[in-house]
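See below for the structure under consideration.
The values are calculated or read from the model by the stated rules, or taken from the named source; none is laboratory data. These figures come from a predicted structure and were not determined experimentally. Counting neighbours? That spans all protein chains shown, and the Cβs are built from the backbone with ideal geometry, glycine included. SASA here: full protein model, heavy atoms, side chains in, ligands and nucleic acids out. Shrake-Rupley method; radii C 1.70, N 1.55, O 1.52, S 1.80 Å.
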Amino acid sequence: MAPKHFTIGYFLITVFSVWALAADRPAAQVNPEALKRWQDMRFGMFIHWGPVSLTGHEIGWSRGRETPVEQYDQLYKRFDPEHFNADDWVKVAKQAGMKYVILTTKHHDGFCLWDTKQTDFNMMNSPLGRDVVKELSDACKRQGIAFGTYYSTCDWHHPDFPRTSPGGQVKRDTYNLDRYTEYLKAQVKELLVNYGPLITLWYDVPQEFDRQRGESVIAFTRALQPSIVINNRTGAPGDFDTPEQRVGGFNRERPWETCMTICRQWAWKPDDTMKSLKQCLQTLIYTAGGDGNLLFNVGPMPDGRIEPRQVERLMEMGQWMQQYGDTIYGTRGGPLKPGRWGASTCKDNKVFLFIMNWPQDGPFLIPTQSLKIQKAIVRGGGVVTFKNTKAGIELDIPIAERNEIASVVELTVAGRAFDIEPVRMNLPSDSVAFEKPAKASNVFQNQKNYEASKAFDDDPETRWATDGGTHAAWLQVDLGQDTTVNAARIDEHDWNRITQFEIKYQSGNEWKTAYKGGKVDSEKTITFDPVRARIFRLDILQATEGPTIWEFQLFHKK
């Protein structure tokens, strides 16, 4: 097992020993020791930054959209972040409990944050005139944090790439993809040789790169550093998946890493909506509980500082990690699969439960007796009791001692915790709409995996989804009989697409409105005057893109 506290000495020794071990492996095959080292870290900082921060718009995507191309491409000439200090960035990451840092060295806009010899479109020709990648790489080494680089596979600025802005939707009349691939490889070589060894190379948006071309990029990368871990965005599968702006589903077979923003936008935006501490920590917990890593993004400001309120939020996360970090680092997800109830991780003979939602009546029930519990304690203080019943294991903590974010219960079990067969926590739902017949106005490509029923199954890994370009839709449930309802919960995760909605109920031959609302903002629990009906509908009146709902729950709260 990797050391609890990752040090640069350990990193360098391990990298070069892994390099030697990997000498007889195929170039494109990941080294299992390197992959495990990356998985054990669990928590990293993503940084999206560049001249685009001067505009407050999104990096890459705003080129040719909010900002005309000719203006966007000249931003670097006035980009002078006078307060940029790489050590400050790394210190924030370290105090937040993060174990690695990934920097967007080149995004889709083609601008490079290092002293590349392949193009003049780089940081050395900005007023700052400094190699940001080198300074951050060196700062990570000094502070014992692993360093990796994001590198956009596509490049809407480069004349040899087939597509250009906005959003890579415009096809160039002339281009040379083979020549661009050589440009890409030359830049990757610079990053690996001059700033490595890297913990990972994080490619993005392959567009014109097919699997064969992607595999050639992976082979080239790994030939330069056999120990490196590579994601799935070269056009080829790579070593791990990258669910974006959502927590991935439980998966112990295929490594994965959720990439998510602390606010809404990847690059800095003034007054952007920031996630609460509860949202941030529960995202980290759910990710680890699903057996994934969390790459949590910040977008530094134009002056080079990470926004103070974001720093404050990360420090709060770090305080939690100081107390509970051992329940996240070096663990595996499960054996109790994540759900609305919470999540679990395991290590050696320990199972760590993160209970976020308790039953309204009675104790918390683990519907299996495969956990042979020898001891149970509440981390952070408190009293926990447990007993075996025919239905499973009943576990309880006095209401006054339960934690709003997550009650962390450490279980000592007989044997190796990872060997316990993972089990879905199919706890009885308080929602009167649970597993009731449902239908919707639109289903993504008419696929069963996204049908209306997925919004009423209490499963955090499933969702109802609509086709792209859908801006209005409805989701309906039949409760089977007239039922009194006075509350609802809408779970949009972090997609934040709904801007206006109504909850309606059928009364005779007409629809009446029980509640009108605006943005859902990831998740919304609402109350309204009691209404009695059999059929209820979530009527999405406006959405920025195709609405997608993980859960639509209805309650009769006393």
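Things worth noting here:
- Neighbours by Cβ (under 6 Å, 6+ apart or cross-chain): first from the stretch 397-411, under 13 Å from Asn357 (Cα atoms) and at pLDDT 95 or above; second surrounded by 13 or more Cβ atoms within 10 Å (Cβ to Cβ) and of a type in the set (Phe, Trp, Tyr): Ala406/Phe354; Val408/Tyr324; Val408/Phe354
- Residues that are of a type in the set (Val, Ile, Thr) and in a loop (DSSP other than H, G, I, E, B) do occur in the stretch 244-257, at least one of them.
- Entry remark, the stretch 299-324: residues being among the aliphatic types (A, V, I, L, M) and farther than 29 Å from Gly380 by Cα number 2 in total.
- Test result for Pro206, within 29 Å of Pro162 (Cβ to Cβ) and surrounded by 17 or more Cβ atoms within 10 Å (Cβ to Cβ): yes
- Flag for Ala236 being modelled with pLDDT of 95 or more, small (Gly, Ala, Ser) and assigned to a loop (DSSP other than H, G, I, E, B): yes
- Pairing residues of the stretch 55-72 that are at positive phi with residues that are at pLDDT 95 or above and of a type in the set (S, T, N, Q), at Cβ distances under 6 Å and at least 6 apart in sequence or on separate chains, gives Gly64/Ser165.
- Conditions (1) touching a residue at least 24 places away in the same chain (Cβ under 8 Å); (2) open to solvent by 30 Å² or more (accessible area, probe 1.4 Å); (3) part of a loop (DSSP other than H, G, I, E, B): number failed by Lys278: (3)
- Condition met for Asp272 (of a type outside the set (Phe, Trp, Tyr), in a loop (DSSP other than H, G, I, E, B) and surrounded by 24 or more Cβ atoms within 10 Å (Cβ to Cβ)): no
- Search result, residues across the stretch 88-116 that are open to solvent by 50 Å² or more (accessible area, probe 1.4 Å) and of a type in the set (Asp, Glu): Asp88, Asp115
- In the stretch 520-541, residue modelled with the lowest pLDDT [restricted to those that are surrounded by 17 or more Cβ atoms within 10 Å (Cβ to Cβ) and outside any strand (DSSP E or B)]: Ser522
- Remark: pairs (first residue in the stretch 332-357, on the phi > 0 side of the Ramachandran plot; second residue not in a loop (DSSP other than H, G, I, E, B); Cβ separation under 7 Å; 6+ apart in sequence or on different chains) = Gly334/Ser344; Gly334/Cys346; Gly342/Leu353; Gly342/Phe354; Gly342/Ile355; Asp348/Ala417.
- Any chance Gly44 is modelled with pLDDT of 95 or more, surrounded by 22 or more Cβ atoms within 10 Å (Cβ to Cβ) and touching a His at 6+ places or on another chain (Cβ under 9 Å): no
- Qualifying residue in the stretch 178-197 (condition: part of a loop (DSSP other than H, G, I, E, B), under 24 Å from the mean Cα position of the chain (by Cα) and buried (at least 18 other Cβ atoms within 10 Å of the Cβ)): no
- Residue match in the stretch 218-231 (condition: within 23 Å of Trp266 (Cα to Cα) and in a loop (DSSP other than H, G, I, E, B)): no
- Residues that are at pLDDT 95 or above and out of contact with any Asp or Glu (no Cβ under 9 Å at 6 or more places or on another chain), drawn from the stretch 544-558: Leu554
- Within the stretch 59-80, if we keep just the residues that are assigned to a loop (DSSP other than H, G, I, E, B) and more than 28 Å from the chain's Cα centre (by Cα), the residue that is farthest from Cys154 (Cα to Cα) turns out to be Asp80.
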